[in-house]
Every structure is written in C-alpha cells, then in structure tokens.
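We did not get these values from a lab; they are worked out from the coordinates using the rules stated. Being a predicted model, the structure only gives us computed values, none of them experimental. Here Cβ is always computed from backbone atoms with ideal geometry, including for glycine, and neighbour counts include all displayed protein chains.
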Amino acid sequence: MKKELLEVFDNRFPDRDYTIEIVNPEFTSVCPKTGLPDFGTVTVRYVPDKVCVELKSLKYYYLEFRNAGIFYENVTNTILDHMVEALLPREITVTTEWKARGGITETVSASYSAKKS
C-alpha cells in the first residue's frame, strides 16, 4: 500500500466545518490465512482542514490492496493512518464492512480527531 498515491487539493473552505463521505462498495483484498479474496465496502468520513483527497488517486490507492494478504483490522487502520498523514483532517473515521465468509460478517471502524492530539 503506497500512501504516496494519495493526492490532495486545497480546501477552498478551510474556515468551515463540513463533512465529506466517500464510499467504495467494491473494495477487495486477500485473507492472509487462506489466500481467498475478501470483498467489502470502505467508507471514509472526514472533516477536512487545509486539504481534501483527490478521488482518482484514492481509487488507485485502494487497488493496491487487491492482492495484499491483510486482515480486516489492518486494512481499516492502515487506510486511517495513511489518510491522516496525507490530509491532516480535523477528524476522520474509516469503516470497513466485509461480506460474509463462512457465514460471518465483520465491521471495523477506526477514528482520529485532531482535537485529541
């Protein structure tokens, strides 16, 4: 996962709190134990500060996970860490919702707030 793929652009409204929600319902990665594909939805919800993420770059960033053997929890926290580093948002939550495998689904959420830092 190359965090360098994430491009940003200037937020034209840095004095205003507003929320951006980006949903990718076609996220894929690979189970590191079985090698089987995992399918899920990634939702990034953030309040920008000085910059916003450019969507095409985010799409290509997500594709880096396609063949990566990585657990759900690690996917979620890796995306959060990379988004925080690229955006320095006021706050952000990354939620991953995974399709059933073996009859079990999982949802993982991780958050960051600049107010806590």
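Structure values in brief
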item: Relative intensity, log₁₀ I(q)/I(0), of the chain from a Debye sum that treats every alpha carbon as a point, q = 0.14, 0.17, 0.19, 0.22 Å⁻¹; result: -0.56, -0.80, -0.97, -1.24
item: Fluctuation leader among ILE20, ILE70, ILE104 - the chain, Gaussian network, Cα springs under 10 angstrom; result: ILE104
item: The chain: angle of helix 72-87 to the longest principal axis, Cα-based, in degrees nearest 10; result: 20
item: Ranked list, fewest to most other Cβ atoms within 10 Å of each Cβ, for SER29, SER113, SER57; result: SER113, SER57, SER29
item: Relative contact order (%) - segment 1-70, alpha-carbon pairs under 8 angstrom, separation at least six; result: 46
item: Dipole of the chain [Lys/Arg +1, Asp/Glu -1 at C-beta], most positive-end residue of GLY40, ASN24, SER57; result: GLY40
item: Segment 1-74 - share of DSSP beta bridges that are antiparallel (%, nearest 5); result: 90
item: Among TYR62, TYR46, TYR18, residue whose mean-square fluctuation peaks in a GNM of the chain (springs only between Cα atoms under 10 Å); result: TYR18
item: Among 74-80, 47-53, 33-39, the order from most to least packed when residues are scored by Cβ within 10 Å on average; result: 74-80, 47-53, 33-39
item: The chain: relative contact order in percent, alpha carbon pairs under 8 Å with at least 6 residues between; result: 29
item: Ellipticity estimate at 222 nm from DSSP helix runs (n ≥ 4, -39,500 (n - 2.57)) divided over the chain, nearest 500; result: -6500 deg cm²/dmol
item: Karplus-derived 3J(HN,Hα), 6.51/-1.76/1.60, for each residue of segment 97-108, Hz, glycine and proline x; result: 10, 9, 5, 5, 9, x, x, 10, 10, 9, 10, 10
item: Relative contact order %, segment 57-108, counting alpha carbon pairs below 8 Å whose residues are six or more apart; result: 29
